[in-house]
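Only one structure is covered here, and it is reproduced in the block below.
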Amino acid sequence: LYIVGAEHDAVQVCSYGAQTGWEVTIIAPPSEDKQLSDFKGAKELLSITSEAFPVSKVDAQTAVILMNHNYAKDLQFLLQLKETKPFYIGLLGPNKRREELLNEFIEACPEVEDDFLDAIHGPAGLNIGAETPQEIAVAIVSEILTVNRSKSPVKLKNKKGPIHS
């Protein structure tokens, strides 16, 4: 899991992602004074710009969440990812922000593959009524799990058959 952004909500997504057993890398702007110790469970912290994103490490087992809280930075990172094939790219923020970001992205990259666009999820997370950073992190990690496992969320009380396959 690559978390692009280093604010309070990124700390929570990192913690829950690490508790899920994922290798978590934080990408923080070089201008922010962040340390690996600020992100419980993170494997590494990269203080880099979008141009230095390690795209060669992004594969079909990679999830990326763009949560810079900065439209221009999120767009720059999305543009760097255009040739990669992660199974999940999450965009923090409302539907309107996602639409504007994708429109600008497609204008810059009209030949982008549909598979790449299909991997984009925004607003990131499941609709569980999340409001706090911790709850938002649970919603995002839960969505990443459902996408990775090709599942549609359903209450267990409504599930027919055994809980585990």
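The values are calculated or read from the model by the stated rules, or taken from the named source; none is laboratory data. Note that this is a predicted model, so its numbers are computed, not measured. Every residue, glycine among them, receives a Cβ derived from its backbone with ideal geometry; neighbour counts consider all protein chains shown. The area values use the complete protein model at the heavy-atom level, side chains included, leaving out ligands, DNA and RNA. Shrake-Rupley method; radii C 1.70, N 1.55, O 1.52, S 1.80 Å.
Restricting to segment 34-78, name every residue that is in contact with a Pro (Cβ under 9 Å, 6 or more places away or on another chain) and either part of a loop (DSSP other than H, G, I, E, B) or on the phi > 0 side of the Ramachandran plot (or both).
48, 49, 58, 59, 60, 61, 62, 68, 70
Only one of these conditions is not met by residue 22: (1) assigned to a helix (DSSP H, G or I); (2) in contact with a Leu (Cβ under 6 Å, 6 or more places away or on another chain). Which number is it?
(1)
Tell me, which residue of segment 54-101 that is closer than 19 Å to residue 126 by Cβ and of a type in the set (Lys, Arg) is surrounded by the most Cβ atoms within 10 Å (Cβ to Cβ)?
Top of the filtered list is 98.
Just checking, how many residues over segment 1-19 are part of a strand (DSSP E or B) and over 17 Å from residue 58 (Cα atoms)?
Going through segment 1-19 one residue at a time, the tally reaches 0.
Can you tell me which residue among 138, 112 is among the hydrophobic types (A, V, I, L, M, F, W, C) and over 16 Å from the mean Cα position of the chain (by Cα)?
Exactly one residue qualifies, and that residue is 112.
Go through (1) more than 30 Å from residue 131 (Cβ to Cβ); (2) open to solvent by less than 50 Å² (accessible area, probe 1.4 Å); (3) out of contact with any Lys or Arg (no Cβ under 9 Å at 6 or more places or on another chain) and name the single condition residue 27 misses.
Tallying (1) more than 30 Å from residue 131 (Cβ to Cβ); (2) open to solvent by less than 50 Å² (accessible area, probe 1.4 Å); (3) out of contact with any Lys or Arg (no Cβ under 9 Å at 6 or more places or on another chain), residue 27 fails exactly one: (1).
With the structure loaded, tell me whether residue 113 is under 15 Å from residue 13 (Cα atoms), acidic (Asp, Glu) and either without any contact (Cβ under 8 Å) to a residue 12 or more places away in the chain or surrounded by 15 or more Cβ atoms within 10 Å (Cβ to Cβ) (or both) or whether it fails that test.
Taking the combined requirement at face value, the residue does not satisfy it.
Residues of segment 116-165 being closer than 24 Å to residue 8 by Cα, without any contact (Cβ under 8 Å) to a residue 12 or more places away in the chain and exposed (fewer than 12 other Cβ atoms within 10 Å of the Cβ), which ones?
129, 131, 132
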